[in-house]
Amino acid sequence: MAFARIASVFLLSSCVALGASYSFAQTSPSDREAAAAAQAKRQGKLPTQGDEQYQKNALKRCERQPEGTARDACVKRVTGAGDTTTRGSVQGGGQVRTNTMQVPPADAPKN
């Protein structure tokens, strides 16, 4: 009986001393990832790409569009060129960019 009591006291004190690792085992993987990213940010180890990299990534996504009008419209939306409007916010759930372009009908008569 005395051995069991000593073992349980030791186990309890170990869990209290290792509180971070004890609670670590009870969190979800996404919570652990978020905590790791927050710690890396505090330590200055989280890489930031900046606006230039953001722009390159956005234009690279436009390359997946078919050549022609669709790709041109994508580039205009990303760069904000032409008649592009932006609504919404990232905090509100996302931004919607709209670009209006005149496209002639496929069967337009040729003069």
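The values are calculated or read from the model by the stated rules, or taken from the named source; none is laboratory data. Treat the numbers as computed from the prediction; the structure is a model and nothing was measured. All Cβ positions, even for glycine, are placed from backbone atoms using ideal geometry, and neighbour counts span all protein chains on display.
Observations, loosely collected:
- Hits in region 31-47 (condition: loosely packed, with under 11 Cβ neighbours inside 10 Å and under 24 Å from Gln95 (Cβ atoms)): Pro47
- When Val103, Val9, Val16 are checked against the criterion of being among the aliphatic types (A, V, I, L, M), assigned to a loop (DSSP other than H, G, I, E, B) and modelled with pLDDT under 85, a single residue qualifies: Val103.
- No other residue among Gln91, Gln55 is outside the structural domain of Ala37 (by TED's automatic domain parsing), closer than 27 Å to Ala36 by Cα and part of a loop (DSSP other than H, G, I, E, B) apart from Gln91.
- Qualifying position, being at positive phi, surrounded by fewer than 12 Cβ atoms within 10 Å (Cβ to Cβ) and modelled with pLDDT of 85 or more, among Gly88, Gly50: Gly88
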